[in-house]
Structures are given as C-alpha cells and as structure tokens.
Amino acid sequence: VDCDHYINNSKALREAMCFMMDPQSGKKICYVQFPQRFDGIDRHDRYSNRNVVFFDINMKGLDGIQGPIYVGTGCVFRRQALYGFDAPKKAKPPGKTCNCWPKWFCCCCGLGKKKNRKGKQKKNKPKGESSPQIHALENIEERIEGNNEIEKSSLVPQVKLEKKFGQSPVFIASTLLQEGGIPSGATSASLLKEAIHVISCGYEDKTDWGKEIGWIYGSVTEDILTGFKMHCHGWRSVYCIPKRAAFKGSAPINLSDRLHQVLRWALGSVEIFLSRHCPIWYGYGCGLKRLERFSYINSVVYPLTSLPLIAYCTLPAVCLLTGKFIVPEISNYASLVFMALFISIAATSILEMQWGGVGIDDLWRNEQFWVIGGVSSHLFALFQGLLKVLAGVNTNFTVTSKAADDGEFSELYLFKWTTLLIPPMTLMVINIIGVVVGVSDAINNGYESWGPLFGKLFFAIWVIVHLYPFLKGFMGRQDRIPTIVIVWTILLASIFSLLWVRVNPFLSRDGLVLEVCGLNCE
C-alpha cells in the first residue's frame, strides 16, 4: 500500500487469501490486485483522477487473459512469486504407447529408448503440481532442518543461493520454506542479528535483488516491471473488486500536479520501452501469453502517441488559416470504410461502458484528459526518456502533492506554472485564432464559402472542447464569471467585430472615393 493510501475494508486481505488458497488455481496466483479508489476529488472529476475507464474496464478485461498488471498499491503478493520462482506446472499425462509393434521395429525407430528416457524423467519428477526450483530448494530445506545450517546441495549450490538471495543463511532458509517460517532451533538473539543484517543498505549488493527478485529496479514505474517479470515466470494475477472499496487514497486534483504525475508514469514507460525488459522483445518462450504481452506493449508505447496527437490537434487550425480542408476528397467505398470504423469504435465504447458500469461523463472526462496529457506530459516524457537513456541526462523525480485538508477542493483552483502547460495552451490559442480567421474569411468571401467552413470548424471546435478542462485549470478560480462565459465572450466579440467591419455603414461599398484636393503636386 502506498503511503497516501489506507485500508478501507478490513475483509480485503481475507478475500485475497481466498483466491490464493483456491485448491484448483490458487497455487498459480502471484498477486491479487485491487482497484484504486480516491477521496477528496471534486464531483465533476475535472482531470479524470478516478481513472474509472482503466480500473473498471481495462483491468477487468485483463483479468480474463492472464490477470491485471500491478499498479503499485492495493496489492497482496505471494512470497514465492516475489522470490523469482517459476509458477508450478501441472504434471503432463504419460504419453500413449502401442504394444502391437514388434520389438525390432521399436529398437530401430528409437521408441524403446524414448520410453526409457521418459521413465527416468518420470522418476525424477515429483508428483502433483510443483515448480522444479521449489523442489530443488526443498532438498536443501531438509538438510537445514536436520543440521541447523545450510550445506551444499547437488541441485542448488550454496554459492548460487547467496548470489541470488544474499549472504544470510537464516533468510535463505526462510525462502526455501513454501509456507514461510524460520528454521528450527533459531534463537531470538540470532534472528534479531540476522534481521539487522538483512535490512542493511548494502545487503542487496552483488545479488539478484532488483534484477530477478523482489521489486525490479531500472524504472520509476517499477510496478509494471515487477508484474511483468512475474507473468513471464508463468504466474497469473487476479483482479478483485469488493463492494466496499478495499483501499482508498488521495490524488492530485491540481492541474500542474496532475500533469507531473502523468509525466512520471509516462517517463517510466519510456524507460521500460528503451530497456532490455521491453515486452516487445523480452520474455519469449516463457509463460507469458500473447494477449497479455499486447497489454504490456500498450502500457509502454502509449507515450509515442503524443506525436500524431499533436499533429491531429494542429491540422484543423492550419486548415482554417490556409483555407484547405483537412480531409481530401475520397471515393464512396473509402467513405463507407471510414464510417464502418467510426461506428465500430462507438459501438465498442458503448459495450464497454455497459459492461464496466462506467458513465458517459466518466468516459468523456477520460477522453478529454487523454488529449491534455498526450500533448503535454507524454510528449515531455518521450524526450526526457530519450535524453536519459541515450545521453545519460537524469531528470528530477518529485512526489506529486495530494489534496490538502485546509479547505474543500482548495487546490483545485490553485495555479502553478510549469512548462507542461505550454503545448496545450499553444494548441488552444492557434485553434481559437483559426476559428476567428475562418469565420472572417467566410464573411468576406460570401455564402459559397460557408459550406466547406462548417467541416473545418467541426474539427477545430472538437479540439477546443477536448482542451476545455485545461483552460479551466489554467485560468484558476473564477468567483463570479464562469470560464465558459469568458471563452465565448472572446470568441463572439472577435466574430462580431469582423461582422462590423464587413457591414460598417461609414465605409463606401463602391470602393475608394477619389476627390480633387486642389493642390498642385508637380
């Protein structure tokens, strides 16, 4: 549980244990993930802090494949999965044999040797569901309990165990016990001494901690890496949504803090994308399923979508300023394909909302902040990640401030300047200017130009509507005048000014009037 979260349901741990103690599939569950729920968020959830689309749709969908990803808080783990062991595998049924063939034919084809080889492997393999690593370590466990010390094993040498878990015999002994515990004969004084040794800062040096064991290092979003490594070992996870929220916490409701939080998440995804643990090329030939791999790929490549998103938000303004349309003339077949794709996306969204119990307002808030975060935080994370990986330039990690208790939603209207505000503000300004220029051009050119103008205005206004929560946060608290009134006042004032210039009765409609001034210019 994160430091800004607390247990809201005392029965949550029992529900997680019910999954892990399931007699059929419980032994392969590495962790049980609970959704994040937050306190202190405004009623309209302006910046989509609740993330209901992710927690109530995406995570529930992943639960049907190999399990949800680890989100860093509100999670119950199995120790064996954290220690880097493979998930237990079911013993394969013996292969079918046929005794109707003559012996000389079996000897020539090698069937007899294959049968003997299978018999030897069957003798060595333990019965039931188990992991080969766990049983190799159980062999050492028996030696520990008999001699009160760790001896060398033919299966897992002592040096290998110390290289993996560190130089603590008592701790290594506890990792070998599938149900936990300590070796018999250990005293309180020796346990205290070993505990102080294990929690020291230098204990994990030159070991597999942070590489193959425990939380994986190398990214500010270590939660994605940790869950990814467990799924690569063949484990599966479970998503549990109790009626009463299991854990609750606070979220940054200020615009700048929210953008910095999204920046940190996106930066971690870029780091994973540029590392050896990238799910595009890591973990093949293991227990990771294909669709689960696609979900992890999606979780690390989404910052790249900031580049086409900025292009899509800029093109409507460019079309209005240049007079060219964003969509070229297409055939009837291409228009039908476009309409079919658009309808399929809309139908998929409706089905997801009905299945996940998500309202249309939550989906719209998520869509709005996806555009705001995509053109700002995701873009900065992409360049910062490239600088960090390629040039070695580290970026400062700052913990985002959460909602304060000094007033209800007091930080919602607090304005904090940051460079993340520049790209969305630029897109907002150029689209508003494009609308004004487009309307003025249509007024000057007559009724023929109004038809193509509506198509151009649709795309530009669509971008402005998506960036509207950003504009509210940028302007801060407005005690008397709503932000939408200010926006429409500026827009309508510009349009009426242009209309006044067009129909100004004080100007001659016949052009310039030339009169003789009476002066001799020669």
If each K or R counts +1 and each D or E counts -1, the residues other than GLN354 whose Cβ falls under 14 Å of its Cβ total -2
Can you give me the long-range amide H partners of ASP39? Hydrogens built in the peptide plane at 1.01 Å from N, cutoff under 5 Å, separation of 5 or more residues or another chain. GLY249, SER250, ALA251
Fraction of accessible area attributable to carbon and sulfur, the range 260-322 (%, probe 1.4 Å): 70 percent
Accessible surface of ILE422 - all protein chains present, 1.4 Å probe, nearest 10 Å²: 80 Å²
Label-to-label distance, nm, for residues given as TRP281 and LEU13 (7 Å Cα→Cβ offset): 4.4 nm
Diagonalise the Cα gyration tensor of the range 252-393 and give the resulting equivalent ellipsoid semi-axes, square root of 5 times each eigenvalue, largest first, whole Å. 29, 23, 19
Bins of 5 Å, beginning at zero and ending with the bin holding the largest distance: percent of Cα pairs per bin for the range 279-359, please. 3, 11, 10, 10, 19, 18, 14, 10, 5, 2, 1, 0
If I ignore ligands, DNA and RNA and count only protein heavy atoms, how much of TYR70 is accessible to a 1.4 Å probe, in Å² to the nearest 10? 10 Å²
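Give me D for the range 1-73 in µm² s⁻¹, whole number, from Stokes-Einstein with Rh from the Kirkwood sum over alpha-carbon pairs, 25 °C and 0.890 mPa s.
174 µm²/s
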Hey, which of these cross-link pairs are over 32 Å Cα-Cα: LYS90/LYS229; LYS11/LYS164; LYS164/LYS248; LYS28/LYS164; LYS27/LYS164; LYS160/LYS248? LYS11/LYS164; LYS164/LYS248; LYS160/LYS248
In Å², and per residue, what accessible area does the range 247-374 have when probed at 1.4 Å with the other protein chains present? 54 Å²
Mind listing the phi-derived Karplus ³J(HN,Hα) values for the range 166-172, rounded to whole Hz, using 6.51, -1.76 and 1.60 with θ = phi - 60°, and x for any glycine or proline? x, 8, 9, x, 5, 5, 4
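Given axes a ≥ b ≥ c from the Cα gyration tensor, I'd like to know whether the range 223-326 is rounded (a/c under 1.5), prolate (a/b larger than b/c) or oblate. Kindly include the intermediate steps, with their values, before the conclusion.
Working: a/c = 2.51, a/b = 1.52, b/c = 1.66.
Since a/c reaches 1.5 but b/c is at least a/b, the shape of the range 223-326 is classed as oblate.
The values are calculated or read from the model by the stated rules, or taken from the named source; none is laboratory data. Because the structure is a prediction, the values reported are computed rather than measured. When we count neighbours, we look across all protein chains shown, and the Cβ atoms used for this are built from the backbone with ideal geometry, even at glycine. Note: accessible area is taken over every heavy atom of the protein model, side chains too, but ligands, DNA and RNA are not part of it. Shrake-Rupley method; radii C 1.70, N 1.55, O 1.52, S 1.80 Å.
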